[in-house]
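**Q** Mind having a look at this structure? Questions to follow.
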Amino acid sequence: MADTALHAADHASDHGHHSSTGLSNNKLAMWLFLGSECLLFGGLISTYMLYRGRVSDGPHPSQIYDIPFTSVSSFVLLMSSLTMVLAVTAAQRKDDRRTNLWLTVTAVLGATFVGGQVYEFTTFIREGLGFTTSLFGSSFYTLTGFHGVHVSVGVIFLLSTVGIIKKNKITGNKSEVVELVGLYWHFVDIVWIIIFTLVYLIPA
Amino acid sequence: MAIIERPGSDTAPAVVTPSQTMGAVKRPVETKGWKEWLFTVDHKKIGIMYGVVAMFFFVVGGIEALLIRLQLAAPNGTILSADQYNQMFTMHGTTMVFLFAMPMAGAFANYFLPLQIGARDVAFPRLNALSLWLLVAGGIVLNLSWFLGGAADGGWFMYAPNSGPVFSPSNGVDYWILGLQIAGVASLIGSINLIVTVLNMRAPGMSLMKMPVFTWMILVVQFLLVFSLPVITVALVLLMFQRSYGATFFDVSQGADPLLWQHLFWIFGHPEVYVLILPAFGIISEVLPTFARKPLFGYPFVVFSGASIGLVGFGVWAHHMFAAGLGPVSVAVFSIATMAIAIPTGVKIFNWLLTMWGGKIWYTTAMKFAIGLVILFTVGGLSGVTHSVAPSDTQQTDTYYIVAHFHYVLFGGMVFGLFSGFYYWWPKVFGKLLNEKLGSWNFWLMVIGMNLTFGPMHILGLQGQPRRMYIWTEARAGEGFFNLGFWNLVASIGSFILAAGVLFFLINVVYTARKGKQAPLDPWDARTLEWLTTSPPKPHNFDRIPVVHHLDEYFHRKYEEDTATHTMKKVAEGEDLIRAEEEAADSDIHLPSASYWPIVLAFGVGVLCMGVIYGVPIMVLGAAIVLFASYGWVLEPSVAEPIDFEPPSADGSTKEIAPLG
Amino acid sequence: MSETTEHHDHGMSDAGYIKIALILAAITALEVSTYYVDFGPLFMPSLMIMMIVKFVMVVSYFMHLKFDSKIFSFLFYTGLALALFVYIVALATFKFFIA
């Protein structure tokens, strides 16, 4: 019963077939969403860039950033993009086990990154940079916090996908679902590529 | 449940029992009554609901305006206190823009865009329903403020730090922020939905340059929304973090710059005004050719100018900030860009005029409103051009001259376009023609009322009456009979005439519902595909997905060129075409199935946002509902194919819906 | 109407992706080195270039944009271009780019 339902559903959302452009609805939607997210993060980054030198109280960026630590967590996030791609190629090969393996590794790396962020935030707070301390503080935490929430939501996506694949309850095209989760994940990574350079490496 | 439609067959629709999501929740199976509307994913029903919600808020926003005009009708007004006045103009603007104008355009877009491109629904029907219910949630959250401590009072553009916790201590601004965030997400989702619909679900043969202009304008609007909404999202987040969590983004004592809010707001706000007007432009681009009995003049120019307005619209926002202290270089740059954007708009006006030139004009109410738009928008556009000249804008800004400008373009432009759409498309949606006599009263009262209300505001503004001024005195009104007091009174009288015009529309709606006769299938001898349906359209829209060969495809199916006289001769009536479609109907059509999750998810979002004001436990509850609804949604099998615009395959086989349960 | 299926251009094998990842790691190491080594006047340009190169590489290869329909590129890069435009102009009005 479930099989026929899935078969019909699989055929039904045959991505790319029967559309005026030949492209998948879901994929078009995801790329549009990512395009709009550029404007979201652009606004948060611009706010940070404008305000990062305005330190009415508390530490200055140069006094607080731990570049070696952040470099390591940046590297972790970057590598999670690799494992994400490997999950996508595994899904395209219809290898459910490998797909789930790489999805899980990606989630673990993502969670590690978030853990690193939490550690960084608590350290900064202890060192005197709170959310309300200064414009630098407010903008820093808002920007990186938003990014961290995006990563966390991504981790939830990844683990949910693992669960749904395991229970064989994917309602659409399986490899497309993994591909779309991948697009979201990579986007979160490229936002960090920008943040890492503009926020951490370029001194205020 | 997937309803399997078999038009033209004698068997009753087959009912499939629903699957059970997460072992607990069944899909809605009702097809009648209020539940049919609450859980529908049908774009036509969703469109009607958008229209009803928007119309409701039009009246709410109108009453807010009338209270303002009552307060300003005489010196030393006592209708509203200063504080109430601030709330009134804030909510009037916010309601009209976000809860009337955008949803009403959404109503038209939802109903007609799929029909105009020959599709059976939009790309993501459940997301479509979600957009509607999120709008409702946002409208409720925004207006709850009236009852829970006072509405927002910082003006519809809510400049910080005035809108911050120090100067706006009540929860009003918090409700405003949350209501707009919810409505903004609704529009963002909707914009992605409609773009994918237009890109992917056009009928065979309908290239982009064969799409009706209304569809094109809606497409441009969706691009404006998808790229501008995130910017106001950022602004709202920053303000919310300051108000609710102590952030310092707009705290000048900490070194903040108030211009940050202004930039973020207007980077969204300017594209937003094109979001408001382009749908109306699209509507009259259908109405004018129909009632001039001539094709639209310069279709490619109308399309490209619409796209240009959209693109350049992202580059002019700081013309709202000419008096904010940007400096001469910035002001000059934005001044020139603003002048530039008048050009594509002017192109459209000329194309509409040339459409009418030499045509055999049929003065229906729809046509009157369309012509009204062309004239009144031009007036508003001209005052807009004067704003683009920064030195003169420095006097005009924050005066009633600006109020005059945007009400001419928004009321004379946008609202007239929407009303044109009502009269034009009413027979298609409801099967009845709105009464033309009542329509005439509606139109003329609105024209006279509108001009009496907003015309004098040009004078008031140039004479220096500031915006948002809750009271005026005889001493400040100046000397002579035709002083500021006189024009304020005229404007107030005009606003009630305007209200009477709107009332006539509502009377017309009720009258038509009760006494209107069934309309013919093609009452206006129209040109575009949405007329190749019954009135109202069947649930699946088209019995057979049309194959498109022409721009104005419907017209070309009714008319062929007589080679002898080189005129177009009618070879088929609307009824003939429908009969042909029914006889060649697809034998198996799947429609997307109803769902609980959109409305449940929207409810959860509303609860989550209330938690921002009332505490974390409520946020947690809201988040739990959102999570539950999200998982339910994702796990809900898309039983029926969400779109089925492909003609039956050659061997006659059709896609079967898997029986479940 | 196009009946074409969307072809997944598997121009990249898993090994290819790993190579991209190694390049990205190397660039990251170079970026981090700017913290320890004085790049002089090359500091800003090289950091910006490295950031852009990494960005484009992830988008083009990991997100497959290079091999997919140009429509996806249009949708995404329009958003990116608009973001760059409005925010750089806004920051410019704050005299952000003036030393």
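**Q** Within segment C:63-80, work out how many residues are among the hydrophobic types (A, V, I, L, M, F, W, C), free of Cβ contacts under 8 Å to residues at least 12 places away in the same chain and more than 8 Å from chain A (Cβ to nearest Cβ).
**A** Total meeting the criteria: 2.
**Q** Scan segment A:96-131 for residues that are exposed (fewer than 14 other Cβ atoms within 10 Å of the Cβ) and more than 30 Å from A:ARG52 (Cβ to Cβ) and report the count.
**A** Matching residues across segment A:96-131 total 1.
**Q** Among B:ASN488, B:ASN541, B:ASN508, which is the only one that is at positive phi and modelled with pLDDT of 95 or more?
**A** B:ASN541
Okay, residues lined up against (1) under 29 Å from B:GLN222 (Cβ atoms); (2) among the aliphatic types (A, V, I, L, M):
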position: B:SER81; (1), (2): no, no
position: B:MET91; (1), (2): yes, yes
position: B:PHE112; (1), (2): yes, no
position: B:GLN181; (1), (2): yes, no
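**Q** Then there is this: Only one of these is buried (at least 22 other Cβ atoms within 10 Å of the Cβ), assigned to a helix (DSSP H, G or I) and without any contact (Cβ under 8 Å) to a residue 12 or more places away in the chain: A:LEU34, A:LEU39, A:LEU44, A:LEU23. Name it.
**A** Criteria check complete, one pass: A:LEU39.
**Q** Then there's this: Restricting to segment C:27-72, count the residues that are in a loop (DSSP other than H, G, I, E, B) and of a type in the set (D, E, K, R).
**A** So the count comes out to 3.
**Q** Of all residues in segment B:188-222, which are within 11 Å of chain A (Cβ to nearest Cβ), of a type in the set (Gly, Ala, Ser) and farther than 21 Å from B:PHE304 by Cβ?
**A** Passing the criteria: B:ALA203, B:GLY205.
**Q** With (1) more than 9 Å from every other protein chain (Cβ to nearest Cβ); (2) touching a Leu at 6+ places or on another chain (Cβ under 7 Å); (3) assigned to a helix (DSSP H, G or I); (4) crowded, with 24+ Cβ neighbours inside 10 Å as the list, and B:ALA160 as the residue in question, which single condition is left unmet?
**A** Here B:ALA160 meets the rest and fails (3).
**Q** If you don't mind, another one. Report yes if B:PRO637 is surrounded by fewer than 19 Cβ atoms within 10 Å (Cβ to Cβ), within 14 Å of chain A (Cβ to nearest Cβ) and either modelled with pLDDT under 50 or assigned to a loop (DSSP other than H, G, I, E, B) (or both), otherwise no.
**A** Answer is no for this residue.
**Q** Residues of segment B:93-113 being out of contact with any Gly (no Cβ under 7 Å at 6 or more places or on another chain) and surrounded by 23 or more Cβ atoms within 10 Å (Cβ to Cβ), which ones?
**A** B:THR94, B:PHE98, B:ALA101, B:MET102, B:PRO103, B:ALA105, B:ALA109, B:PHE112, B:LEU113
**Q** Something else: Does B:THR90 satisfy the condition of being without any contact (Cβ under 8 Å) to a residue 60 or more places away in the chain, crowded, with 22+ Cβ neighbours inside 10 Å and either assigned to a helix (DSSP H, G or I) or under 25 Å from the mean Cα position of the chain (by Cα) (or both)?
**A** no
**Q** Tally time: how many residues in segment B:309-362 are more than 29 Å from B:GLN395 (Cβ to Cβ) and not in a helix (DSSP H, G or I)?
**A** Selection size over segment B:309-362: 6.
**Q** Quickly run through segment B:247-295 and pick out the residues that are within 16 Å of the chain's Cα centre (by Cα), of a type in the set (Asp, Glu) and more than 14 Å from chain A (Cβ to nearest Cβ).
**A** none
**Q** Hey, which of the helices (runs of 4 or more DSSP H) in segment B:428-533, taking only ones fully inside, have at least 2 residues that are farther than 30 Å from B:GLU286 by Cβ, in contact (Cβ under 8 Å) with a residue 40 or more places away in the chain and touching a strand residue (DSSP E or B) at 6+ places or on another chain (Cβ under 6 Å)?
**A** none
**Q** Assess whether B:ASP393 counts as being at positive phi and modelled with pLDDT of 95 or more.
**A** So B:ASP393 does not fit the description; no.
**Q** Hey, another quick one. Got at least one residue in segment B:143-153 being under 21 Å from the mean Cα position of the chain (by Cα), in a helix (DSSP H, G or I) and surrounded by 23 or more Cβ atoms within 10 Å (Cβ to Cβ)?
**A** No, segment B:143-153 has no match at all.
**Q** May I ask you to list the residues in segment A:194-204 that are touching a residue at least 24 places away in the same chain (Cβ under 8 Å) and at the interface with chain C (Cβ under 9 Å from one of its Cβ atoms)?
**A** Correct list: A:ILE194, A:PHE196, A:LEU198, A:TYR200, A:LEU201.
**Q** One residue is enough: does segment A:127-135 have a residue meeting the conditions more than 22 Å from the chain's Cα centre (by Cα), touching a residue at least 24 places away in the same chain (Cβ under 8 Å) and at positive phi?
**A** Looking through segment A:127-135, at least one residue is more than 22 Å from the chain's Cα centre (by Cα), touching a residue at least 24 places away in the same chain (Cβ under 8 Å) and at positive phi.
**Q** Would you check which residues across segment B:233-242 are out of contact with any Gly (no Cβ under 6 Å at 6 or more places or on another chain) and buried (at least 24 other Cβ atoms within 10 Å of the Cβ) and list them?
**A** B:ALA235, B:LEU238, B:LEU239
The values are calculated or read from the model by the stated rules, or taken from the named source; none is laboratory data. All values derive from a computational prediction rather than experimental measurement. Glycine gets a Cβ as well: all are built from the backbone with ideal geometry, and neighbour counts include every protein chain shown.
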